[in-house]
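The values are calculated or read from the model by the stated rules, or taken from the named source; none is laboratory data. Remember, it's a predicted structure, so these values are computed and weren't measured experimentally. All Cβ positions, even for glycine, are placed from backbone atoms using ideal geometry, and neighbour counts span all protein chains on display. Side chains included, ligands, DNA and RNA excluded: accessible areas come from the protein's heavy atoms. Shrake-Rupley method; radii C 1.70, N 1.55, O 1.52, S 1.80 Å.
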Amino acid sequence: MSSNQGSSPIAQSSGPSDGLFRKPRDPSMAHRHYRTLRSLPDVCPKEPTGEGRALCDGPSVVADQHRWTVYNSKVNLPAALNDPRLAKRESDFFTKTWGLDFTETDVMPSFYLPNISREHFSSYLQETAQREKIHERCKNICPSKDDLSVPTITNNHDKARAELEQVPKIFMKPEFVLNDPATFNAVLPWSHFSVAGGKNSRDVASSRLLQEKLSHYLDVVEVSIARQISLRSEAFFHAMSSQHELQDRMRETADSVAKLRARTAAIDRVMCRGPLRALRDALTCNNCIKLHNKLKLMAAVHQTQPTVQLLLSTSEFVGALELIATTKEVLQQELQGIHSFRHLGSQLCEMERLIDKMMVADFSTYVQSDLNRPFEEDSQVLEKDRLQSLVFGLLRQRKLDFLDIYSEEIVRAAKNVVRQCVVKSVSQISEIDADTVKFHEQMRLMTFHQWFDLLLDIFEHFILFLKRIKATLSVIRNVVLEVLDSSQSRRQADVSSATNHSDGRTNEDEEEEESGGGEAELAYLTHEGLFISDALNEVEQRSNAAAHAQTRAQTRTDTCGSDSASATTESSSSREHNSNTTSSLHIGGATAISEDVMPSDLELGRVANNVQELLYTASDVCHDRCIKVLMTRAKDGSLERLSSSEFVCLSQAVESFVSDTEELCGRRSVSLRGALQSQAYRFVQRFHEERKTKLSLLLDNERWKQAEVPAEFQDLVDSIADGRITLPERKSTGSEDRKPSEFLCVDGQKYAVIGTVLLLIRMFLEYCQCVNDIPSITTDILTRLADLLKHFNSRSCQLVLGAGALQVVGLKTITTRNLALVSRCLQLVIHYIPVIRAHFETRLQPKQYSILRHFGHITKDYNDHIAEISAKLVAIMDSMFEKALSKYEVKAPMPSACLRNVCKQMAKMHEAIHELLPEEQTQMLFLRINASFKLHLKRQLARLGVINDGGPQYGLVMVDVAFYSENVQALRTLECLDLNMPEIWEQKR
């Protein structure tokens, strides 16, 4: 063991000569108070300082292989400092890295580093003054090294060190343990002793020698220890005296603690035990009250199942569901963990599922009884309260598919309505045996009037059916909207209450009382032995539970108030029993439906929309059943064979029914109109084929002679002149007394017509009347009417111009009168085409106006036909002129026979057509005939060489020309006709 004999008892300060104690500087504190200046980026790497190894040593391949050294530098420091590009060598070092624009500037003092003065160390000096005084006192107590003679201390140290070096080092090791065999053998070398059985004098001497050696080692160590103790004896005595002083202070402290404990026990006995006992008694009383309330709540919950059964017996599904929900919530919150009610939750869930099935079945039964009840009942809604209760219960259970049940029942009820109407109608018809004839065949065996009466009866029943459905769905929709409104108002109330609680401070006194009660309960719990953290947690849990129960009770009260209008079917006894049970359950804080039970606003809005869609579905179902009735009747083509008046009656009835349903349901339906449209298309096709065939037969039998016009046709034309295109009712009397007229008067003009044209006029009036009665077939009727008019034009052209009537009717020849009569009939039809076009235009949509182009094509075809007839008349006279004038000779007697014959033929032509064609057309026609005459006469005179030279032949020709002019101008309506006869002469060149 080594000893520092020359060391002083207390280390002296190595500070300045004034002897003050200097607190060593803490590196961390220095780093904390003084910011290190940020160094500039290194242009050249730092060179080694020589601490680790000399500069001449090369880098170690093993230790420095991943570290940058000066040997990795590409440019050395002298090269960087001696850049010849700049004059200032001292600034080149920085511009090398920071650019040529770098200039040295004065560094501004940092705003973050204050100016340090002596006042900054005043607090530190005050803090260390007391320590300095203690240090000075310790120096006075303990002698300093200067008081001891230096040679003596040095000699003692050397002597002690020499003596201690005699002791083996093994005894100085910290791990010296004799239990270790190696250490034991090293200390006591038994190998020097004989291991034989006996002891000789040599062994004894060795043992004694070893014992003396160890004793010497011990003496050396003890002397060294004693010397060290003698050197520090004063310090040991000073420590002992301090220990005794500390023990005295500890004894005084123990006495003070004992007195404090005694006084605390007295305070506990006198002032705390009584109040704590009072608090404990109050808590015990509160616990008893809670236990009593809990027992009453358990008794009320125990009566849940009988009460639910009683409510179900009276179909009080809403009340039963509310009671089950309240009981389940009480079981989960207030009665959780009670062993006797461990199976009640599952039983209530099973009862709730049973109630769901019962509500669905009851709703289905209600719908069946509502939709299938007789229509003679006045009430539109059957058991409105029951319906409201069922709908509210289904909404509460989120059974939002109950409208599907209603939809299915609507389909069945609609089928039943049709069946009942058919059975009722068949029972009144003796010719049909309902037992042997199938259901669909029964409608086909009816006459049209019987079937039409059946259809009207079905329409009437369906209107009542839809009114009943609309009233029922209105009740359902109102319930859904009431629930939606109550949900939204409750949410708004919650938001407003939360805002008031967060902004206002209206319940400060109550909060103080609650906090005082919490502190008292906290004191009791800590007195009972709980830790303070556990006591705080328990108090917080109780306060949170109380606040949650209060909020839940408020929510249930609001919900119950908003939904009270829906549950109006409770009987008096069940309502009273339910109110008693609910009041008992109110202790647990659950009195009505929680907010999360009802569907969301989005779901309720979807249900409300589905209710409206269901009304549309009901209308579509009724239309589909009516379509079935129509298709069943139309299967054998009977609807196509209806007369115009019958089909009009059918169309009007269907249109009236569709309009009524659209007014009821508020949506346009196209299915029944579409079915009627398809039948109307077939009807129009048959209607057109009948009239086209009739027109063809009339034209094939027409002898193309002027017909008398009966009075009824004149009245028909007169009605068109009034602007109304309608078929007047045929009068049985009056029209027979009036004589028929020769001409048909239209807008002041006389038209000579054939009988077929009169019937044609009535036909296209029938087409127009169909459009009035059935507006949906306007385009089809227009197309068919255009086809009819085209057929009349083409067929009349074939029979007259094409001379087809010679073979068909057996006419001997086609006369000019026939041609003029056809032309006048075509003109009559052309006169009515604009009227017909205007009539159809008012009944077409603007996008359908393109179909009116057919009338333009028809007018052009008719005008072309009229022009061809006029050309035919001119051609007839032209051929006569060519034949007659080719034999003309200029010689006496005058007028010549040729000109007499020409004038005679022209007189016949005029006699044939002047009564048929209007005056203007007759004049135009004879102007064209006169031009043909002048052309042929001019050719004949040129052939004969007669010129207007004033000679005898010229005179003879002028006599014939004067005769021709007088005869032509003597004809009726041709008096003022300009014949321009000088054109017969060749112009002199």
Which distance in Å, rounded to a whole number, links the C-alpha centroids of the stretch 604-653 and the stretch 333-395?
-> 35 Å
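Beyond a 22 Å Cα-Cα separation, which of these cross-linked pairs lie in this structure: K635/K692; K812/K908; K887/K934; K694/K872? Please report the intermediate quantities before stating the final value.
Values: K635/K692 25 Å; K812/K908 18 Å; K887/K934 15 Å; K694/K872 28 Å.
Pairs exceeding 22 Å: K635/K692; K694/K872.
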Surrounding net charge for G274, when Lys and Arg each add one and Asp and Glu each subtract one, Cβ distance under 12 Å | +2
Using only protein heavy atoms and a 1.4 Å probe, report how much of T128 is accessible, in Å² to the nearest 10.
-> 10 Å²
Stretch gain in nm, segment E212-E640, where the contour uses 0.36 nm per residue and the Cα spacing is subtracted = 138.9 nm
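What dipole magnitude, in Debye to the nearest 20, does the stretch 339-488 give about its Cα centre under +1 on Lys/Arg Cβ and -1 on Asp/Glu Cβ? Mind dumping the intermediate values first?
Details: 19 positive and 23 negative charges, 103 e Å.
With Lys and Arg at +1 and Asp and Glu at -1, about 500 debye.
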Roughly how many percent of the accessible protein surface of the stretch 176-315 is carbon and sulfur, given a 1.4 Å probe and a whole-percent answer?
-> 62 percent
Among T815, N901, S879 - extreme Cα towards positive end, dipole of the stretch 781-920, charges at beta-carbon | T815
Per-residue accessible area for H216 at 1.4 Å probe radius, Å² rounded to 10?
-> 80 Å²
Approximate spin-label separation D494-S879, in nm, with each point projected 7 Å along Cα-to-Cβ | 10.4 nm
Determine the share of the stretch 918-980's accessible area contributed by carbon and sulfur atoms, expressed in whole percent, with a 1.4 angstrom probe.
-> 55 percent
May I ask which of K357/K384; K883/K904; K357/K399 have a Cα-Cα span longer than 19 Å here?
-> K357/K384
Once label points are set 7 Å from the Cα along Cα→Cβ at both S656 and L602, what is their separation, rounded to one decimal in nm?
-> 4.9 nm
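For I267 and K739, calculate 0.36 nm times their separation in residues minus their Cα-Cα distance, and state this gained length in nm to one decimal. Can you show the working numbers first?
Working: separation 472, 0.36 × 472 = 169.92 nm, distance 14.27 nm.
Once the chain is fully extended between I267 and K739, it gains 155.7 nm.
What full-extension length gain, to one decimal in nm, is calculated for L977 and E889 as 0.36 nm per residue of separation minus the Cα-Cα distance? Please list the in-between numbers first.
Values: separation 88, 0.36 × 88 = 31.68 nm, distance 2.68 nm.
Full extension from L977 to E889 adds 29.0 nm.
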What does the accessible area of S886 come to, in Å² to the nearest 10, when a probe of 1.4 Å is used?
-> 70 Å²
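Give me the net charge of K887's neighbourhood, meaning all other residues with Cβ under 14 Å from the Cβ of K887; Lys, Arg count +1, Asp, Glu -1. Kindly include the intermediate steps, with their values, before the conclusion.
On the way: positive: K883, K891, R900, R939, R943; negative: E882, E889, D960.
Once positives and negatives cancel, what remains is +2.
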Have a look at I225, M271, A254 and report the one farthest towards the positive end of the charge dipole of the stretch 180-326, computed about the Cα centre with Cβ charges (Lys/Arg +1, Asp/Glu -1).
-> M271
Mind ordering 298-307, 383-392, 268-277 by average Cβ neighbours within 10 Å, highest first?
-> 383-392, 298-307, 268-277
With the label point 7 Å along the Cα-to-beta-carbon line of E163 and a cut-off under 17 Å to each amide N, the hits in the stretch 205-239 are 213-233
FRET efficiency (K904, S678; Cβ distance; R0 56 Å; to 0.05) is 0.30
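Give, rounded to the nearest 20 debye, the magnitude of the charge dipole that the stretch 948-989 has about its Cα centre when Lys and Arg contribute +1 at Cβ and Asp and Glu contribute -1 at Cβ. Mind dumping the intermediate values first?
Working: 3 positive and 7 negative charges, 14 e Å.
It works out to roughly 60 debye.
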Quick calc: nm separation of the 7 Å Cα→Cβ label points for A931 and C349 -> 10.7 nm
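Of all accessible surface on the stretch 601-691 at a 1.4 Å probe, what whole percent is carbon and sulfur? Let's see the in-between values first.
Numbers: 1860 of 3870 Å².
Ligands and nucleic acids excluded, carbon and sulfur give 48 percent.
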With every protein chain left in place, what is the accessible area per residue of the stretch 664-817 in square angstrom, probe 1.4 Å?
-> 48 Å²
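Can you give the local net charge around H857? Use residues other than it whose beta-carbon is closer than 11 angstrom to its beta-carbon, Lys and Arg +1, Asp and Glu -1. Don't skip to the end; give the middle numbers.
Values: positive: K790, R853, K860; negative: D861, D864.
So the surrounding residues net to +1.
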Largest first, how would D255, D878 line up by accessible area (1.4 Å probe)?
-> D255, D878
